[in-house]
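Laboratory data are not the source of any read-out in this text; all were calculated from the coordinates shown. Because the structure is a prediction, the values reported are computed rather than measured. Positions of Cβ are generated from backbone atoms using ideal geometry, with glycine treated the same way; all protein chains shown enter the neighbour counts.
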Amino acid sequence: MNLSSKPEGEALVVTVNESRIDASVAIQFKDRMREETEGGSAHIILDLEQVDFIDSSGLGAIVAAMKQLGKEKKLDLSGLTTNVDKVFRLTRMDTVFKIHPSLEDALSR
Amino acid sequence: MVSVTDTEFCLQFSGSPENVRFALIEICAQLRTIGVPDDAVGTAELVVGEVLNNIVEHAMADQPDGLIDVACTDGRDGQLFTIIDDGIEMPGGKLPAGIPPEVDTELEDLPEGGWGWSLVHTLTRDIAYQRVEERNCVKFLLPKVA
């Protein structure tokens, strides 16, 4: 599961360098998120621009990643593609996360 | 293993998360070949993926060598999918109702799953489940969007 991260101002941007977050990588995703976000910034932006497929297991892994950050850290999302956005809307998880249209938009706020 | 005509295709594979991933990629490629629009292909990938994940994680959890057959026929109203597996029977002999989990909760109580059947029921029509010759058979229509 290829994730990378870099600080941008106050925030830490974690980029998913994969086209899918599905059941076969959900546990790896959660573990990699923990590694990338340990210590560091309290504001994390997860950039999903390269992801064109997510299933309910992948969505669960993103929720689990947010929960393991605890209440002191904040996880926003950016760059949801059409199919990924659809899953967030259908499950109403778009009401749980702050979702930015793009990374540029997320960083300009 | 894939077989294809102008309006239908089918494939067979054993039940692992990796095989589900490869099967979905193949199914999407076939759907595009028969002219299904991108948005509908995305919906099909999600729905078929949820049904297949459920088979691998529950019905065939103790039989990784069990086989799954997916068949698709393109018709006037949309794509009719038939998914058959070697797994154990659905609890109570019927499909889960698919009630979506509550999301209006505290952080620590947020759901980390349980959306699968809710998504399937929301996005399909005429879904039916039958136990046939020791196998599970789920059929549904992915309706064409007008």
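So the values come out like this:
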read-out: Where residue A:18 falls short, out of the listed (1) out of contact with any strand residue (DSSP E or B) (no Cβ under 7 Å at 6 or more places or on another chain); (2) within 20 Å of residue B:116 (Cβ to Cβ); value: (2)
read-out: Candidates B:100, B:96, filtered to the one that is within 13 Å of chain A (Cβ to nearest Cβ) and over 22 Å from residue A:21 (Cα atoms); value: B:96
read-out: Residue list for segment B:23-45, filter: facing another protein chain (nearest Cβ under 10 Å) and within 22 Å of residue B:66 (Cα to Cα); value: B:24, B:25, B:45
read-out: Close pairs (6 angstrom Cβ cut-off, 6 or more residues apart or separate chains): at the interface with another protein chain (Cβ under 7 Å from one of its Cβ atoms) in segment A:77-99, in a loop (DSSP other than H, G, I, E, B) anywhere; value: A:83/A:52; A:91/B:115; A:92/B:103; A:96/B:103
read-out: Answer from B:112, B:108, B:133 - the residue that is more than 9 Å from every other protein chain (Cβ to nearest Cβ), of a type outside the set (A, V, I, L, M, F, W, C) and free of Cβ contacts under 8 Å to residues at least 60 places away in the same chain; value: B:133
read-out: Lone unmet requirement of (1) at the interface with chain B (Cβ under 8 Å from one of its Cβ atoms); (2) more than 16 Å from residue B:103 (Cα to Cα); (3) of a type outside the set (D, E, K, R) for residue A:68; value: (1)
read-out: Subset of segment A:52-95 [buried (at least 18 other Cβ atoms within 10 Å of the Cβ) and part of a loop (DSSP other than H, G, I, E, B)]; value: A:55, A:79, A:80, A:91
read-out: Wholly enclosed strands (runs of 3 or more DSSP E) of segment B:1-84 bearing at least 3 residues out of contact with any helix residue (DSSP H, G or I) (no Cβ under 8 Å at 6 or more places or on another chain); value: B:8-14, B:67-75
read-out: Count of segment A:36-51 residues which are farther than 29 Å from residue B:45 by Cβ and either of a type in the set (Lys, Arg) or part of a loop (DSSP other than H, G, I, E, B) (or both); value: 5
read-out: Enumeration of residues in segment B:1-46 that are small (Gly, Ala, Ser) and closer than 14 Å to residue A:54 by Cα; value: B:42, B:44
read-out: Pick from segment B:115-127, criterion more than 12 Å from the chain's Cα centre (by Cα) and outside any loop (DSSP other than H, G, I, E, B), ranking: farthest from the other protein chains (Cβ to nearest Cβ); value: B:126
read-out: Residues (of a type outside the set (D, E, K, R) and not in a loop (DSSP other than H, G, I, E, B)) located in segment B:85-111; value: B:91, B:92, B:93, B:107
read-out: All positions within segment A:19-34 that are crowded, with 18+ Cβ neighbours inside 10 Å and not basic (Lys, Arg); value: A:21, A:22, A:23, A:24, A:25, A:26, A:29, A:33
read-out: Lone qualifier among B:56, B:48 - being touching a Pro at 6+ places or on another chain (Cβ under 9 Å) and either surrounded by 14 or more Cβ atoms within 10 Å (Cβ to Cβ) or under 17 Å from residue A:20 (Cβ atoms) (or both); value: B:56
